[in-house]
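So the structure is just underneath, and the comments pick up after that.
The values are calculated or read from the model by the stated rules, or taken from the named source; none is laboratory data. Bear in mind the structure is a predicted one, so any value in this text is a computation, not a measurement. We place every Cβ from the backbone using ideal geometry, glycine too, and count neighbours over all the protein chains shown. We work out accessible area using only protein heavy atoms, side chains counted, and drop any ligands, DNA or RNA first. Shrake-Rupley method; radii C 1.70, N 1.55, O 1.52, S 1.80 Å.
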Amino acid sequence: YLFSLSGLYLSVFLSALKKFLSVFLNDKIAEFTSIFLFVPLSIFLFPKFSIIRILCLKTLKAINYHVLKKKFSNLEIISFLAILFLLIDFNLAYQEGYYVGFSLSILFVFIAPLITKVKGFKKAILFPFIVYIFMLPLSSFQNGYIELLSFIFQILLLPINEIYLAFAIVGFYLNIPFNNLMSFLTNIINNIYYGLSFISIKINISYLSIYFAPLYYFLLIAIFYLLESKRINHLKIIASSLIFMLVLFCVPITSLYKDAIYFINVGQGDSILFQNKN
């Protein structure tokens, strides 16, 4: 859900489309053509914010690279677009599609020097792992648990999801439903998800404090900085602090100090539990 919300699948698809077109066209024409081909789909799916964000971001980056000759950095472009959207509608700040999408875009800018140092298979593993730990507070808050193998699942599912997305987009443009093929791919995806559910490793989390996310991201950014600057001794201390904090929130100790009200679904009736400390 979060991957779809962030627009990562569409971003990967556009990058792949650009590389494919680059075989027949020069880079400039290939990039603008891939964006132009994406416009009708974005109009059709206009209410979905991640679609509009990706289209605008790809367009601004292409203009900056090919027309303005890299006058602005990627961080400046992302920040400009984020502020522009807020000026148009400040309520976007409360939407997951806004803060997940833009925070990931900014994350990619900061981890780019780290990612470029890694090659081959390690790079294929490192990238989804970084995305996984970055989204951990969001996914944990939504699910009520931490899925330890989530980033491995994303590696397995990304190719099949991209194939599914490609056929869906081609079918949209050519008005070909691909009924049998899409049903076949849907069954494959459902079976993969069903199979993965048996090997998942879930850790239930305790109540997340309002201070958890800011502290988590502060420590995470510090880890990225220390990794890049190769300050290993400081890195061990910060990384240990982050792991300790995660372990602490996985231990069910909040009942000792938390007041809460639970509305429990019991079917044909009402059930309300008032909890005062323990």
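Using the Cβ-Cβ distance between residue 16 and residue 68 with R0 set to 22 Å, the FRET efficiency works out to roughly 0.30. Backbone geometry of the stretch 51-64 corresponds, through the Karplus equation with coefficients 6.51, -1.76 and 1.60 at θ = phi - 60°, to 3J(HN,Hα) couplings of 5, 5, 4, 5, 4, 5, 5, 5, 5, 5, 5, 5, 5, 5 Hz, x marking Gly and Pro. About its Cα centre, the dipole of the chain is roughly 1020 debye, where the only charges are +1 on Lys and Arg Cβ and -1 on Asp and Glu Cβ.
Amide H contacts of residue 205 (H built 1.01 Å from N, in plane; Pro and chain starts excluded): 145, 146 sit under 5 Å, all sequence-distant by 5 or more or on other chains.
Here residue 199 sits with roughly 100 square angstrom of accessible surface, probe radius 1.4 Å.
The residues of the stretch 131-278 have, on average, 67 Å² of accessible surface per residue, using a 1.4 Å probe with all protein chains present. The accessible surface of the stretch 4-115, taken with every protein chain in place and a 1.4 Å probe, is 72 percent carbon and sulfur.
Calculate the FRET efficiency for residue 199 and residue 248 from the Cβ-Cβ distance with a Förster distance of 22 Å, rounded to the nearest 0.05. So, using R0 = 22 Å, E works out to roughly 0.25.
Of the residues 167, 184, ranked by 1.4 Å probe accessible area with the largest first, the sequence reads 184, 167.
Compute the accessible area per residue over the stretch 13-84, keeping the other protein chains in place, probe 1.4 Å, unit Å².
Accessible area per residue, the stretch 13-84: 60 Å².
Filter the trypsin sites (Lys or Arg not before Pro) in the stretch 12-88 down to the DSSP loop ones having no more than 11 other Cβ atoms within 10 Å, then list what survives. Before the final figure, lay out the partial values.
On the way: sites: 18, 19, 28, 48, 53, 58, 61, 69, 70, 71; in loops: 48, 69, 70, 71.
Answer by residue number: 69, 70, 71.
Semi-axes of the equivalent ellipsoid of the stretch 108-179 are 29, 19, 11 Å, computed as sqrt(5λ) over the eigenvalues of the C-alpha gyration tensor in descending order.
Hand me the chymotrypsin sites (Phe, Trp or Tyr not before Pro) from the stretch 7-109 located in a DSSP loop with no more than 14 other Cβ atoms within 10 Å, in residue order please. If you can, show how the numbers build up before the last one.
Working: sites: 9, 13, 20, 24, 32, 36, 38, 44, 49, 65, 72, 80, 85, 90, 94, 98, 99, 102, 108; in loops: 24, 72.
Qualifying residues, ordered by number: 24.
Return the FRET efficiency for the residue pair residue 259, residue 95: r is the Cβ-Cβ distance, R0 is 30 Å, and the value is rounded to the nearest 0.05.
Numbers: r = 30 Å, r/R0 = 1.00.
It comes to 0.50.
Other residues with beta-carbon under 13 Å from the beta-carbon of residue 10 carry, at +1 per Lys or Arg and -1 per Asp or Glu, a net charge of +3.
Size of the dipole of the stretch 1-70 about the Cα centre, Lys and Arg at +1 and Asp and Glu at -1 on the beta carbon, nothing else charged, in debye to 20?
Numbers: 9 positive and 2 negative charges, 39 e Å.
The dipole magnitude comes to about 180 debye.
Which of 157, 130, 141 sits closest to the plus end of the dipole of the stretch 86-181, meaning its Cα is farthest towards the positive end, when Lys and Arg get +1 and Asp and Glu get -1 on the C-beta? It is 130, whose Cα lies furthest towards the positive end.
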